[in-house]
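What follows is a single structure, written as structure tokens, with notes after it.
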Amino acid sequence: MTTLPDTQPLATQSTPVAPQGVFITFEGIDGAGKSSHIGALADAWRARGHTVTLTREPGGTPLAEKLRTLLLSDAMDPLSEALLMFAARRDHLTQVIEPALARGEVVISDRFTDATFAYQGGGRGFDWQVLQTLENWVQAQPDGGTRQPDLTLWFDLAPAVAAQRLAGARAPDKFESESAAFFSRVAAGYARRCASQPARFARIEADQPRDQVWADVLAAVRNHGCWQASPGQAA
Ligand code: TMP
């Protein structure tokens, strides 16, 4: 009598690593409460056996972090601000994001290009069309496409509630010091961007208890098909 092998045939084994990597971004106005969930999501992916690059914008490389320091402190005109955001992004993409995705890793970024549309486009009123041109240049792919996240978790919170959460937390930076009207325009910028690319966005209702927000984050990742099964774990 033959005994059954104790390993599954290859054809029915789950794929351990996403072949082209997975790119997830978190977005929202300052004070929306995304920070703790970013770390938790990275831990959840690691627990499933994946290598995670946890990063942020502006920033993520030595050069981009220098630009971040300028961007978050120095006053400048909206075009300079947009160009520096995209310069930082270009370095971040070429040095960190694209190589990690090519290795099949999970990249989680605290903000990406939607923030430029929301803050520079919505908040500052900078030309949306010019931002789209810059996006296409900076995020150009060899196949002629434009790099976009696989999933963007947009933490949506009323600007007044976000301002209350931020009050007294720490010394505000250049953006956090902006007016309520500015953050209303930023929120509208996020809504506009979400409406233009609804398939990759998940809107997270951020004005809920933390556990419910976390449950919504996990559900969004699952529903977008990002959650590749790791060996021995259910998707
Ligand atoms: P944070 O990392 O603490 O959220 O700070 C980054 C700030 O920079 C935040 O206020 C949003 C702003 N920002 C832009 O204005 N445009 C951008 O493209 C990005 C990535 C961030």
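The values are calculated or read from the model by the stated rules, or taken from the named source; none is laboratory data. Source: prediction; values computed, not measured. Note: ideal-geometry Cβ built from the backbone for every residue, glycine included; neighbour counts use all protein chains shown.
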- Task: Tell me, please, whether a residue that is within 17 Å of the chain's Cα centre (by Cα), crowded, with 17+ Cβ neighbours inside 10 Å and among the basic types (Lys, Arg) can be found in the range 33-50.
- Result: yes
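Name the single residue, out of those in the range 104-126 being out of contact with any Gly (no Cβ under 6 Å at 6 or more places or on another chain) and within 20 Å of residue 75 (Cβ to Cβ), that is farthest from the ligand (Cβ to nearest atom). Show your work before the answer.
Of the range 104-126, the ones out of contact with any Gly (no Cβ under 6 Å at 6 or more places or on another chain) are 106-116, 119-120, 123-126.
Among the residues that remain, those that are also within 20 Å of residue 75 (Cβ to Cβ) are: 115-116, 119-120, 123-126.
Numbers: 115: 3, 116: 3, 119: 3, 120: 6, 123: 7, 124: 8, 125: 13, 126: 10 Å.
Here the residue is 125.
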- Item | Subset of the range 40-69 [more than 13 Å from the ligand (Cβ to nearest atom) and among the polar types (S, T, N, Q)] | 51, 53, 61
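Every residue, every condition in (1) over 16 Å from residue 57 (Cα atoms); (2) touching a helix residue (DSSP H, G or I) at 6+ places or on another chain (Cβ under 8 Å); (3) not aromatic (Phe, Trp, Tyr), yes or no:
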position: 116; (1), (2), (3): no, yes, yes
position: 123; (1), (2), (3): yes, yes, yes
position: 133; (1), (2), (3): yes, no, yes
position: 145; (1), (2), (3): yes, no, yes
position: 148; (1), (2), (3): no, yes, yes
position: 153; (1), (2), (3): no, yes, yes
position: 160; (1), (2), (3): yes, yes, yes
position: 177; (1), (2), (3): yes, no, yes
position: 201; (1), (2), (3): yes, yes, no
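Okay, residues lined up against (1) under 15 Å from residue 135 (Cβ atoms); (2) in contact (Cβ under 8 Å) with a residue 24 or more places away in the chain; (3) of a type outside the set (D, E, K, R):
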site: 52; (1), (2), (3): no, yes, yes
site: 57; (1), (2), (3): yes, yes, no
site: 64; (1), (2), (3): no, yes, yes
site: 76; (1), (2), (3): no, no, yes
site: 82; (1), (2), (3): yes, yes, yes
- Message: Tell me whether the range 141-156 contains one or more residues that are among the basic types (Lys, Arg), modelled with pLDDT of 95 or more, surrounded by 15 or more Cβ atoms within 10 Å (Cβ to Cβ) and within 11 Å of the ligand (Cβ to nearest atom).
- Response: no
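Taking helices (runs of 4 or more DSSP H) that do not extend beyond the range 149-235, which have at least 1 residues that are over 17 Å from the mean Cα position of the chain (by Cα) and over 15 Å from residue 31 (Cβ atoms)?
Working: elements: 159-166, 180-196, 210-223.
Because the criterion is at least 1 residues that are over 17 Å from the mean Cα position of the chain (by Cα) and over 15 Å from residue 31 (Cβ atoms), the helices (runs of 4 or more DSSP H) in the range 149-235 that meet it are 180-196, 210-223.
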- Are there any pairs with C-beta distances below 8 angstrom linking a residue in the range 113-136 that is more than 22 Å from residue 91 (Cα to Cα) to a residue that is hydroxyl-bearing (Ser, Thr, Tyr) and part of a helix (DSSP H, G or I), with the two at least 6 apart or on different chains, and if so which? 122/190
- Which of the following residues is more than 15 Å from the ligand (Cβ to nearest atom), surrounded by fewer than 21 Cβ atoms within 10 Å (Cβ to Cβ), on the phi < 0 side of the Ramachandran plot and in contact (Cβ under 8 Å) with a residue 60 or more places away in the chain: 166, 101, 72? 101
- Query: Looking at the range 87-98, which of its residues are charged (D, E, K, R) and either at pLDDT below 95 or more than 15 Å from the ligand (Cβ to nearest atom) (or both)?
  - Reply: 98
- Report yes if residue 130 is assigned to a helix (DSSP H, G or I), out of contact with any strand residue (DSSP E or B) (no Cβ under 9 Å at 6 or more places or on another chain), at pLDDT 95 or above and of a type in the set (Val, Ile, Thr), otherwise no. yes
